[in-house]
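To start, the structure itself, in structure tokens.
The values are calculated or read from the model by the stated rules, or taken from the named source; none is laboratory data. Fair warning: this is a prediction, and the values are worked out from it, not measured in the lab. So basically every Cβ, Gly included, is an ideal-geometry build from the backbone, and we count neighbours across all protein chains shown. Just so you know, the surface numbers come from the protein's heavy atoms only, side chains and all, with ligands and any DNA or RNA stripped out. Shrake-Rupley method; radii C 1.70, N 1.55, O 1.52, S 1.80 Å.
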Amino acid sequence: MPVDSSELTFSQRAKYFAINLALRGLIGGLKLIPYRRRVPAMGWVLRKLAPLIGFHKRVRRNLAYTRPDLPASEVESLCHQVADNVGRTLAELYAGAPFWARAKSAPLTGPGVATLEAARAAGRPVVLVTGHFGNYDAARSKLVQMGFNMGSLYRRMANPYFNDHYVKAISATGKPMFEQGKRGMVEMVRHLKAGGNIAIVADMHAMGGQYLPFFGRPALTSTVPAELALKYNAVFLPIYGVRQANGLDFEVHVAAEIPHSDPLTMSQAVCDDLERMVRAHMGQWFWLHRRWKPIYDTPHPDYASPQQGEG
């Protein structure tokens, strides 16, 4: 869990401070490069760093756990695609106006667009759920620039030194921002009650959540977004910023509304919808996250092991 710098040991503080300096120096240096070259350049940097900082190891582990059917060549390709997308996303989050212009020009597609517009016309709150996929901030930026009253829930970064820099960058896209925790939840509820919209990145390992299938494996999943939608009669919509083939542009896709039922059913629908998107764009999801903790030593239901197949 993210902690304050005062709670860290000296060695932890030194490590995080050094990483903070390196990242800020890298980001600052890249800002000297024109945007069209900067974004792919950051993707290239992350592709080169990924094997050294453990990204590839984690991607391979997650894919072996969830997609053991994939050939080694495709896994290797995905390792590089994931790192490239992460690097591009990082550059975009700190780019400001050039990124916002790309988001503004992104086509808004999907069956949920009409639902979203109807909710705005009726003054009804909306809970938008997304994942660490494509560039999740492209969708928020698009809606902010369309005049939607957007608030966003964010999770404090583990590195306390870099966190302030990160929050400043994402807040520039649009406010209010709500930090995950008691105070942030109170502010977010107030925003919803007033008919506002909130965006939640809902694909992280969530302590206190429920184990729900994601890629056929149990993943600890927060039911809070669904609970908020139910409690405040908010429209519940998945949304994604899908990176396009040129690596710079986006399509903002709003999926069909998830109907109100119960928190588990609605949360499972979020997992299922995200899985459909990831399967269509495997390299755009952040496979480096520890989404499945602990990793269970159980056979995947969709793929028989050699021993199972022999029977």
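Some points to look at:
- Within segment 249-266, residues that are charged (D, E, K, R) and part of a strand (DSSP E or B) have Cβ atoms under 8 Å from residues that are open to solvent by 50 Å² or more (accessible area, probe 1.4 Å) and modelled with pLDDT of 95 or more in these pairs: E251/P107; E251/Q244, counting only partners at least 6 apart in sequence or on another chain.
- P263 being at pLDDT 95 or above, within 19 Å of P111 (Cβ to Cβ) and open to solvent by 30 Å² or more (accessible area, probe 1.4 Å): no
- Residue match in segment 41-64 (condition: closer than 30 Å to H300 by Cβ, open to solvent by less than 20 Å² (accessible area, probe 1.4 Å), β-branched (V, I, T) and at pLDDT 95 or above): yes
- Any chance L21 is surrounded by 13 or more Cβ atoms within 10 Å (Cβ to Cβ) and either of a type outside the set (F, W, Y) or without any contact (Cβ under 8 Å) to a residue 60 or more places away in the chain (or both): no
Conditions tested, residue by residue: (1) hydrophobic (A, V, I, L, M, F, W, C); (2) over 30 Å from V224 (Cα atoms).
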{"site": "V86", "(1), (2)": "yes, no"}
{"site": "A97", "(1), (2)": "yes, yes"}
{"site": "G112", "(1), (2)": "no, no"}
{"site": "G123", "(1), (2)": "no, no"}
{"site": "N135", "(1), (2)": "no, no"}
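- Y211 vs. criteria aromatic (F, W, Y), closer than 30 Å to R37 by Cα and assigned to a strand (DSSP E or B): no
- Which listed residue is modelled with pLDDT of 95 or more and either charged (D, E, K, R) or more than 19 Å from the chain's Cα centre (by Cα) (or both), from D297, D273: D273
- Of all the residues in segment 210-219, those that are within 23 Å of A139 (Cβ to Cβ) and open to solvent by 20 Å² or more (accessible area, probe 1.4 Å) number 0.
- Flag for D84 being of a type in the set (D, E), open to solvent by less than 30 Å² (accessible area, probe 1.4 Å) and modelled with pLDDT under 95: no
- Which listed residue is farther than 30 Å from R190 by Cα, aromatic (F, W, Y) and touching a strand residue (DSSP E or B) at 6+ places or on another chain (Cβ under 7 Å), from Y35, Y65: Y65
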